[in-house]
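Written below as structure tokens is the structure these notes are about.
The values are calculated or read from the model by the stated rules, or taken from the named source; none is laboratory data. Quick caveat, the model's predicted, so the values are computed rather than measured. A quick note on method: Cβ atoms are made from the backbone with ideal geometry, for glycine too, and the neighbour counts reach across all protein chains shown. Surface accessibility is based on the protein's heavy atoms, side chains included, excluding ligands, DNA and RNA. Shrake-Rupley method; radii C 1.70, N 1.55, O 1.52, S 1.80 Å.
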Amino acid sequence: MTPTDLAPLLSRPFTLSVAARHGVGRSVVRRLVRDGDVRRVLHGVYVGAHIEDSLLVRARAAVMVLPRGAVVCGRSAAELHGVRSPPDPRDGARRTAPVEVVVPVGFTPPRRHGCRARVMALTAEETVSIAGIPVTSPVRTAADLARVSDRDTGVVVLDAFLRAGLIPADALAGMPARYAHHPGRRRLAAAVRLADGRSAGEEESRLRLALADAGVVAAEVGWEVRSAFGRVLYRFALAWPDARVGLDLTADRHWVRARPRSLAGQGWLVLDCPTAQVRDNLPATVARIVSELRLRGRGPRGAEPTGLVA
């Protein structure tokens, strides 16, 4: 059998039974693995070595060998929907996270290397197909992740789904009632109350929550300063328009002092906040921002009674 004959088989994940239907026996598959022409994706599932590893390939492999009705869920489902969610702490320093899947009620979750399975009941509307792979719907995926995450991570997840346009506002508002009888419903309700799809990324979401916890008046998220003709002149990650204070997330590694700037004929105070500082040391970042605001009488509760006081 020539490489051309094998190309249709090796271009997608396959099992030994699928290989047999193509006229390729178990010994041939083993030889192809030994020669480096084929690699193992999961136990019992193979693919051509030229196919780049991806979640899509691993997810397709997983549903081939799991019980009928298995559906990709959790962080794996989020990624297939195009949403990047914070990693599962259980994965530690693993380079490749397991494919998360759910099997129907009545099945025992299979223990298979490269998969993380659990039992869960899903309705028909809670499952969609992505590239032929059954995946939990955006609403179900987001709700499941928020239910098992801490408050801030839950908000990060919901913000990301909202930002991607995958969850309508009414569906978000209805999540607490829809999953009222599921474990983690209080975590979900708390995350729903604080979700805001205007955040541009995880760091903006976490910083917004941390500043609110520090007593800073709620900021406008993704605030745009526009010209008299409606042209966007500047976008702030967070802003307090009444006080004309805006916060920027920058690529700098070190703090830049607060700087005045004229925008649309108004004087703004711009706080430059390095994204890396938010990611690596959020408490110190919040303390620095609060200190800058307090110096100008615009700080949290207990500061002077000006625009940013709760």
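I need the full set of residues from segment 7-25 which are over 16 Å from Val65 (Cα atoms), under 35 Å from the mean Cα position of the chain (by Cα) and not in a helix (DSSP H, G or I), in order please.
Across segment 7-25, the qualifying residue is only Ser11.
With the condition being surrounded by 18 or more Cβ atoms within 10 Å (Cβ to Cβ), I'd like the strands (runs of 3 or more DSSP E) fully within segment 196-289 carrying at least 2 qualifying residues.
Ranges flagged: 220-226, 232-240, 245-250, 266-274.
Is it the case that some residue within segment 94-102 is open to solvent by less than 20 Å² (accessible area, probe 1.4 Å), in contact (Cβ under 8 Å) with a residue 24 or more places away in the chain and over 28 Å from Gly165 (Cα atoms)?
There is no residue in segment 94-102 that is open to solvent by less than 20 Å² (accessible area, probe 1.4 Å), in contact (Cβ under 8 Å) with a residue 24 or more places away in the chain and over 28 Å from Gly165 (Cα atoms).
Considering each of Arg30, Arg26 in turn, give the residue that is exposed (fewer than 13 other Cβ atoms within 10 Å of the Cβ), charged (D, E, K, R), farther than 30 Å from His81 by Cα and at pLDDT 90 or above.
Arg26
Could you check how many residues of segment 59-81 are within 21 Å of Val148 (Cβ to Cβ) and of a type outside the set (Asp, Glu)?
14
Being within 30 Å of Trp223 (Cα to Cα) and assigned to a loop (DSSP other than H, G, I, E, B) is the filter here; which residues of segment 177-195 pass it?
Answer for segment 177-195, where residues must be within 30 Å of Trp223 (Cα to Cα) and assigned to a loop (DSSP other than H, G, I, E, B): just Ala195.
Just for segment 39-89: of the residues that are over 21 Å from Phe161 (Cβ atoms), among the hydrophobic types (A, V, I, L, M, F, W, C) and part of a strand (DSSP E or B), which one is most open to solvent (accessible area, probe 1.4 Å)?
The residue in question is Val41.
Which of the following residues is out of contact with any helix residue (DSSP H, G or I) (no Cβ under 7 Å at 6 or more places or on another chain), over 29 Å from Thr153 (Cβ atoms) and in contact (Cβ under 8 Å) with a residue 12 or more places away in the chain: Ala258, Ala228, Ala239?
The match here is Ala228.
If we scan segment 140-147, do we find a residue that is without any contact (Cβ under 8 Å) to a residue 12 or more places away in the chain, touching a Lys or Arg at 6+ places or on another chain (Cβ under 7 Å) and either assigned to a loop (DSSP other than H, G, I, E, B) or under 16 Å from Leu172 (Cβ atoms) (or both)?
The answer is no, given that none of the residues of segment 140-147 is without any contact (Cβ under 8 Å) to a residue 12 or more places away in the chain, touching a Lys or Arg at 6+ places or on another chain (Cβ under 7 Å) and either assigned to a loop (DSSP other than H, G, I, E, B) or under 16 Å from Leu172 (Cβ atoms) (or both).
Suppose we filter segment 156-175 for residues that are more than 14 Å from the chain's Cα centre (by Cα) and either assigned to a loop (DSSP other than H, G, I, E, B) or surrounded by fewer than 19 Cβ atoms within 10 Å (Cβ to Cβ) (or both); how many remain?
Adding up the residues that qualify gives 6.
When residues of segment 127-139 are filtered for being open to solvent by 20 Å² or more (accessible area, probe 1.4 Å) and not in a helix (DSSP H, G or I), how many remain?
Adding up the residues that qualify gives 7.
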